[in-house]
Amino acid sequence: MGLTVLDAGVVIGWMDDTDAHHAAVKAILADSRSRGDHLVLPASALGEAMVGPARRGSDSVETALSLLGSVPVKTVPVDELVAVETAALRASMGTRLRLPDAMVVATAIVLDADRLVTTDRRWPFAATLGFEGELVVV
């Protein structure tokens, strides 16, 4: 049993069956669940993932949140430790790491996650970020 941190693109891909990442994300989530991993989503990534549903209205947001709860995915706050780690990542990586991405990686570092899953192929290698778990790019 481990801890898997999800990026917004993973949630977006999972909720949209027309998304290019949908099948791969479903497989990764199924694998994580079969291993007994706890799935977490930083609150910042939840905000990103809810943009599409918010455009469609409050019923769509409620449906999306219900889907996340059914997995289950726990939303974790961006606290002081995550904020400071985010700043350190941005300071070391500069513009190569966007703030929302840095918050997700910082969450994985602070929580000492076993796995970090993203759909963003532009992310630098895990070792350069100080994340010691498995970085999965789907």
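The values are calculated or read from the model by the stated rules, or taken from the named source; none is laboratory data. Treat the numbers as computed from the prediction; the structure is a model and nothing was measured. Cβ sites come from the backbone with ideal geometry, for glycine too, and all protein chains shown count toward neighbours.
Regarding region 89-97, can at least one residue be identified that is of a type outside the set (D, E, K, R) and at pLDDT 95 or above? Quick ask: steps written out before the conclusion?
Here is the first cut: in region 89-97, the ones of a type outside the set (D, E, K, R) are 89, 91-95, 97.
Within this subset, residues satisfying the condition of being at pLDDT 95 or above are none.
The answer is no; no qualifying residue exists.
Looking only at region 54-86, filter to residues that are assigned to a helix (DSSP H, G or I) and under 24 Å from Val137 (Cβ atoms); which one of those is nearest to the chain's Cα centre (by Cα)? Spell out the reasoning first.
Initial filter on region 54-86 (assigned to a helix (DSSP H, G or I)): 54-56, 58-70, 80-86.
Okay, now just the ones that are also under 24 Å from Val137 (Cβ atoms), so 64, 67-68, 82, 85-86.
Working: Ala64: 15, Leu67: 15, Leu68: 12, Val82: 14, Glu85: 16, Thr86: 14 Å.
Filtering region 54-86 for residues that are assigned to a helix (DSSP H, G or I) and under 24 Å from Val137 (Cβ atoms), the one nearest to the chain's Cα centre (by Cα) comes out as Leu68.
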Legend entry - Inter-residue pairs, beta-carbon under 6 Å, first among the small types (Gly, Ala, Ser) and in region 77-104, second in a helix (DSSP H, G or I), 6+ apart: Ala102/Thr86; Ala102/Leu89; Ala102/Arg90
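Here is a yes/no grid of residues against (1) among the small types (Gly, Ala, Ser); (2) in contact (Cβ under 8 Å) with a residue 60 or more places away in the chain; (3) within 24 Å of Val82 (Cβ to Cβ):
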| site | (1), (2), (3) |
| --- | --- |
| Leu3 | no, yes, yes |
| Asp7 | no, yes, yes |
| Val11 | no, yes, yes |
| Trp14 | no, no, yes |
| Asp17 | no, no, no |
| His21 | no, yes, no |
| Ile28 | no, yes, yes |
| Val40 | no, yes, yes |
| Leu46 | no, no, yes |
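To keep it simple, each residue is scored yes or no on (1) out of contact with any Cys (no Cβ under 6 Å at 6 or more places or on another chain); (2) surrounded by 13 or more Cβ atoms within 10 Å (Cβ to Cβ); (3) within 14 Å of Leu6 (Cα to Cα).
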{"site": "Ala43", "(1), (2), (3)": "yes, yes, yes"}
{"site": "Pro53", "(1), (2), (3)": "yes, yes, no"}
{"site": "Leu65", "(1), (2), (3)": "yes, yes, no"}
{"site": "Pro77", "(1), (2), (3)": "yes, no, yes"}
{"site": "Leu81", "(1), (2), (3)": "yes, yes, no"}
{"site": "Arg90", "(1), (2), (3)": "yes, yes, no"}
{"site": "Ala108", "(1), (2), (3)": "yes, yes, yes"}
{"site": "Asp112", "(1), (2), (3)": "yes, no, yes"}
